[in-house]
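First the structure, which I've put down as C-alpha cells, then a few questions once you've had a look.
The values are calculated or read from the model by the stated rules, or taken from the named source; none is laboratory data. Small disclaimer: the values here were computed from a predicted structure and weren't measured. Positions of Cβ are backbone-derived with ideal geometry, glycine not excepted, and every protein chain shown enters the neighbour counts. The protein model used for the area step is the full one, side chains on, heavy atoms only, and it has no ligands, DNA or RNA in it. Shrake-Rupley method; radii C 1.70, N 1.55, O 1.52, S 1.80 Å.
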Amino acid sequence: TESSRSLESILRELTNGANSILVGEVLECSSYWNDELTKIYTTVVLSVEEILKGTAIQNKINITFSGGEADGIGQWVSNMPAFVQDERVVVFLKKLSKEQVPQASSLEEIFSEDQFEVYGGIGGKFTITQGMVGNMTEAEFKDLVNNILSGQPVPDRGLYFSPAPLKYTYSYLGYSWPHPPSPSVNFRINENTADCSGEGNAVKSASATWNAASAKFSFSYAGTTAATTASLNGINEILWKNYGSVGYVALTNIWYYTANKNIFECDMEFNDYYTFSTAATPASGQYDIQTVALHEFGHFLCLEDLY
C-alpha cells in the first residue's frame, strides 16, 4: 500500500519521473477496441488550465490508458487511473511514442493530436474537489510541486496523502469468476525475463499460497505460453513486458462481461524495465517475483490496491 509514504516522497518520485505536470478539467472520456480487437483503451480529453512542468502545449490534450468498456466487454487494468467527465485534476504525464499509441484507425481523426500516459498510473492522477487535493488546498499542493521543481526545501508538514480516501481494509471490484461450482482458474507462464531463472516456479509458489487460504477458489498451472503481451485470446497468461519507466512494477488485466460482471480471462504482466529476482534475499533495487505475483494474483480475485 501507499498509506505510509509521505506526500513529499510521493511527489518527488512523480515530479522527477513525469515530463509534464498539468492542471485541467476532463471534457470527454471514450473507450474503444484496438484494430486487432485484443485490447480496450480509454482516451480522456483534458482542457489544460495550468502547466506546472513541461513546455507549452495545446489547450486540450489526450490522455490514453489501457482498460474500459466497449461492446458488452470490459477490461480492468490494475494501476490504471480512472477519470470522470467534468472533474478537475492534477496529472503527472509522459508523452506516448508513436509505437505506444494504440492502433485504432477508426479514432485517428478524433484523437489526432499527441497522446500522453499518466506517469505512475493511478498514483499520478490527483482529483481536485472543492479546491482541495486530498487534505491540502489546491494552492498548497501546487506550491509543494513547484518547490520540488525549483529545488527548494519542502516544508515538513507531517501530512500524508491518499489518492482516494481509505474506507475499508480491502476493496472488491465487483467482478467474479463464474460460480458455482468453486472456480479453478488455469494460467500459463512465459519465463521471458533475462534477469534470473526459476521465475515460473516463483509464480507457481505464489499461486500455491492463495490455494492454501481455504477459499472456494483455486489456481492451476496449465503449462507454458509464448505470449509477450496481454491480449484477449481466451488464455490466462503471465509474462514479462518492458513498459519503460512508468512507475509500476506489474499489471493485471481482467476481462469481463458488462451484463453480469463475470470474468472470463485474466493476464499478468511484469514490467521488465525493472529488475526481478528469485533469490531468497533479492539485491537492492531488485523485485522479488514471488511477492509481486502474490500481490497480482489478488487482482485475479478482484481485490483492489490499497492507498
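Ignoring ligands and nucleic acids, what accessible area does residue 195 show with a 1.4 Å probe (Å², nearest 10)?
Counting only protein heavy atoms, the figure is 60 Å².
Once fully extended, how much extra length lies between residue 182 and residue 100, figured as 0.36 nm per residue of separation less the alpha-carbon to alpha-carbon distance?
Numbers: separation 82, 0.36 × 82 = 29.52 nm, distance 3.87 nm.
That works out to 25.6 nm of additional length.
Under 5 Å between amide hydrogens, which residues at least 5 positions from residue 219 or on another chain qualify, with H placed 1.01 Å from N in the peptide plane?
185, 211
Could you list the residues of region 235-263 with an amide nitrogen less than 20 Å from a label point located 7 Å from the Cα of residue 273 in the Cα-to-C-beta direction?
Of the residues in region 235-263, 239-253 have backbone N under 20 Å from the label point off residue 273.
Calculate for the chain the 222 nm mean residue ellipticity that helices alone would give, adding -39,500 (n - 2.57) per DSSP H run of length 4 or more and normalising by residue count, nearest 500 deg cm²/dmol.
Numbers: 4 runs with 49 residues, N = 307.
When only DSSP H runs of four or more count, the value is -5000 deg cm²/dmol.
Where does the longest stretch of the chain lie that holds no trypsin sites (Lys or Arg not before Pro) found in a DSSP loop with 16 or fewer other Cβ atoms within 10 Å?
Details: sites that count: 5, 98, 157, 167, 216, 261.
Looking at the chain, 6-97 is the longest stretch - no exposed trypsin sites (Lys or Arg not before Pro) with at most 16 other Cβ atoms within 10 Å.
A follow-up question, please. Which residues does a label at residue 222 reach in region 172-214, if reach means a backbone N under 12 Å from a point 7 Å past the Cα toward the Cβ?
Answer for region 172-214: 184-189.
Is there a pair in 39/216; 39/261; 39/125; 98/125; 60/125; 204/261 whose C-alpha atoms are over 20 Å apart, and which pairs would that be?
As for pairs spanning more than 20 Å Cα to Cα, those are 39/216; 39/125; 98/125; 204/261.
For residue 143 and residue 291 in the same chain, what is the full-extension length gain: residue separation times 0.36 nm, less their Cα-Cα distance, in nm?
On the way: separation 148, 0.36 × 148 = 53.28 nm, distance 3.65 nm.
Between residue 143 and residue 291, full extension yields 49.6 nm more.
Averaged per residue, what accessible area in Å² does region 220-262 show with a 1.4 Å probe, protein chains only?
Details: 1650 Å² over 43 residues.
Using a 1.4 Å probe on heavy atoms only, each residue of region 220-262 averages 38 Å².
Along the charge dipole of region 157-307, which of 194, 233, 171 sits closest to the positive end, that is, farthest toward it, with unit charges on the beta carbon of Lys, Arg, Asp and Glu (+1, +1, -1, -1)?
Ranked along the dipole, the leading option is 171.
Still on this structure, I have one more. Hey, any idea what % of the chain's accessible area is carbon plus sulfur with a 1.4 Å probe?
Details: 7060 of 14630 Å².
The nonpolar share, carbon plus sulfur, comes to 48 percent.
Work out Dmax and Rg for region 180-307 from the C-alpha atoms and quote the Rg first, both in angstrom.
Calculated on Cα positions, Rg and Dmax stand at 14.4, 46 Å.
Step through the residues of region 28-34 one at a time and calculate ³J(HN,Hα) from phi using the Karplus curve (6.51 cos²θ - 1.76 cosθ + 1.60, θ = phi - 60°), rounding each to whole Hz and writing x for Gly and Pro.
Per-residue couplings from phi come out as 7, 10, 10, 10, 7, 7, 6 Hz.
Under unit Cβ charges (Lys, Arg +1; Asp, Glu -1), what dipole magnitude, rounded to 20 debye, does the chain have relative to its Cα centre?
Working: 18 positive and 35 negative charges, 128 e Å.
I would put it at about 620 debye.
Can you put 76, 177, 255 in order of accessible area, largest first, using a 1.4 Å probe? The partial results should precede the final answer.
On the way: 76 50, 177 30, 255 0 Å².
Output order, biggest surface exposure first: 76, 177, 255.
Follow-up question, since we're still on this one. Given charges of +1 on the Cβ of Lys and Arg and -1 on the Cβ of Asp and Glu, with all other atoms neutral, how large is the dipole of region 194-280 about its Cα centre, in debye to the nearest 20?
300
Can you find, among 33, 45, 213, the residue sitting farthest towards the positive end of the charge dipole of the chain, where Lys and Arg contribute +1 and Asp and Glu -1 at Cβ?
Sorting the options by dipole projection puts first 213.
Lys/Arg Cβ at +1, Asp/Glu Cβ at -1, dipole of the chain taken about the Cα centre: which of 294, 73, 252 is farthest positive-ward?
Of the candidates, 294 comes out farthest on the positive side.
If you don't mind, another one. Could you order 179, 295 by accessible surface area, starting with the largest, using a probe radius of 1.4 Å? If you can, show how the numbers build up before the last one.
Values: 179 115, 295 90 Å².
Heavy-atom accessible area, descending, gives 179, 295.
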